[in-house]
Amino acid sequence: MLPSASSQQLDRNTNTAKLEIKMTLPTFDYETFTQPISDAPLLSRPVRLSDAQNLRDRCADQLTNRFLPHLQNKQDQVVAEVEDWIRTVQNGWNKDSLFLVVVGTHCGGIIGEGPLGFINWEQKEADSGVMLES
């Protein structure tokens, strides 16, 4: 946890100051944050609105839908619906889950995605699963 905002109060009787520090979860800018993946031409980063078309196309893929039941009935989504979903993800960004895309640095395109779910900030642990193109 990181200190974020602080306030000072001066005790006039003792001439001492009481400093309060509020602790918050670490935050990242989802538009610029990236995490390189060791020994691979890949990086992971939070999903962005500019990813909407790519994610819509991936959800519309019949083979992808065949093996991922949570994507069924998403084949006919329009980009605006995916953008709404991305905004929802971003509004919950960095609280108890985190949706990441995997980008191939050789092509600059998204080659996979997956969440960090059930983040335990105290233990610095999270569950993860990633779907990659073959």
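Quick look at the numbers
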{"item": "Members of region 63-86 that are at pLDDT 80 or above and either surrounded by 13 or more Cβ atoms within 10 Å (Cβ to Cβ) or part of a helix (DSSP H, G or I) (or both)", "result": "Q77, V79, A80, E81, V82, E83, D84, W85, I86"}
{"item": "Those residues of region 36-49 which are outside any loop (DSSP other than H, G, I, E, B) and closer than 14 Å to E113 by Cβ, in sequence order", "result": "I37, L42, L43, S44, R45, P46"}
{"item": "Among (1) modelled with pLDDT of 80 or more; (2) surrounded by 10 or more Cβ atoms within 10 Å (Cβ to Cβ); (3) in a loop (DSSP other than H, G, I, E, B) - the single one K95 does not satisfy", "result": "(1)"}
{"item": "Any pair with Cβ under 7 angstrom, 6 or more apart, that starts in region 74-93 at a residue that is within 12 Å of A60 (Cα to Cα) and ends at one that is aliphatic (A, V, I, L, M) and assigned to a helix (DSSP H, G or I)", "result": "Q75/A60; V79/A52; V82/A52; V82/L55"}
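The values are calculated or read from the model by the stated rules, or taken from the named source; none is laboratory data. As the structure is a prediction and not an experimental result, all values here were calculated from the model. Note: ideal-geometry Cβ built from the backbone for every residue, glycine included; neighbour counts use all protein chains shown.
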